[in-house]
Every structure is written in structure tokens, then in C-alpha cells.
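To start, the structure itself, in C-alpha cells.
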Amino acid sequence: TATTWLLLLFTVFGFTDALHAQITQRGTATTATSTGTTITINKPTGVVAGDIMLVSIAQRGSNALTAATLTGWTQVATNQQNGGGINRTYTVLYRIAIAGEPANYTFTLDTNSTNNVGAIIAFSGVDGVTPIDVNGAFNNNNALIANADSITTTTANTAVIMFASA
């Protein structure tokens with residue numbers, strides 16, 4: 001029988017001054033898949049300097065897997081799950097955009113990864129100094145439903161973003 005897994009990661013980010021009056025999604029999220037040791041994901045349309053980009057990458061393989069990486073991106077969280085001879089690693093990273101961002105980003109994956117998926121989403125109006133307010137993970141092995149637990153923000157006027165992979 002097939003084993004389904006689910007990981008939810010909550011990321012909350014906020015703004016701290018009048019210049020960041022409203023957090024808004026910038027452009028359309030971009031996605032990619034890979035069966036190798038890298039994954040290339042296009043930059044969302046419309047990204048400008050000061051926007052935050054969040055990437056979520058799920059890897060699957062037969063051995064324990066390390067987190068996805070790319071120079072210039074900061075890890076928010078990573079989670080590893082093992083079960084039935086299948087290992088999964090889920091990573092969320094962020095980057096504050098600068099002028100001249102490339103058209104796409106190639107992330108390094110574990111050498112044992114065999115099935116991978118990733119997505120980048122961008123937002124404007126986020127505090128560029130301390131963009132992540134709080135984060136947490138929810139794991140539910142063998143579940144087909146994504147249940148979101150509660151999360152408490154520590155900064156007013158924050159946005160709650162949830163990534164899920166099954």
C-alpha cells in the first residue's frame with residue numbers, strides 16, 4: 001500500500017513601520033519538480049527589492065536527507081520524517097529581494113533525493129529586518145487531511161502562511 005505523509009509548517013511574518021502598511025502577495029507563486037540533486041524554481045513575477053520570497057521544498061529518498069540550501073537564502077525551518085523505508089525532508093527558506101534578482105533559483109538538494117517539489121511565493125510590505133515573527137511545524141504521518149493547529153503571533157498586523165506537502 002502507498003504511504004502518504006503530511007507536513008504543515010506555519011510561518012508568520014509582520015511589519016513594524018508605516019512604510020509596511022499592508023502585507024500583500026506579489027505576483028503568482030512558482031513551482032517546480034525534480035528527480036535529481038537540484039531543483040530550479042522561477043522567481044515569482046513582479047518581485048522588487050525589499051519583497052520577501054519564501055520557498056518550500058519537499059524531498060523524498062531512501063536515506064536520511066539534509067535540508068535544501070542556496071547561498072543568500074536563510075533557513076526558517078526544516079523537518080525530517082522517516083517511515084516504511086521512505087525518508088522525507090521539508091525545508092522552508094526566505095530571502096529579501098534586492099535589485100537585479102535572477103530569473104530563477106537553483107537549490108541544492110541531498111544527494112539521495114529522488115522525488116522533489118518546491119514553490120516560491122513573494123510578498124510586499126514585510127519587515128525586511130526581522131521578517132519572521134514565529135514559526136512552527138505540524139506533522140501527521142499517513143494523513144490525507146491537512147489540519148492546522150493554532151499559532152500565536154508576537155507582533156501585531158502579521159500574516160500567517162501555511163505550506164503543506166502530502
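Rule-based calculations on the coordinates, nothing more; no lab input. Just so you know, these numbers come straight off a predicted model, no measurement behind them. Because the Cβ atoms are built from the backbone with ideal geometry, glycine has one as well, and the counts that use them run over all protein chains shown.
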Pulled fully out, how much extra length does the chain show between Val117 and Thr69, if you take 0.36 nm times their separation in residues and subtract their Cα-Cα distance? 15.9 nm
Under 5 Å between amide H atoms, partner at least 5 residues away or on a different chain: which partners does Asp133 have, H built in plane at 1.01 Å? Val12, Phe13, Gly14
From the backbone phi of the range 47-59, what are the Karplus-calculated ³J(HN,Hα) couplings (6.51 cos²θ - 1.76 cosθ + 1.60, θ = phi - 60°) in whole Hz, Gly and Pro given as x? 4, 10, 3, x, 6, 9, 10, 10, 10, 10, 10, 10, 10
Which net charge results for the neighbourhood of Thr89, defined as the other residues with beta-carbon distances under 15 angstrom from its beta-carbon, given Lys and Arg at +1 and Asp and Glu at -1? +1
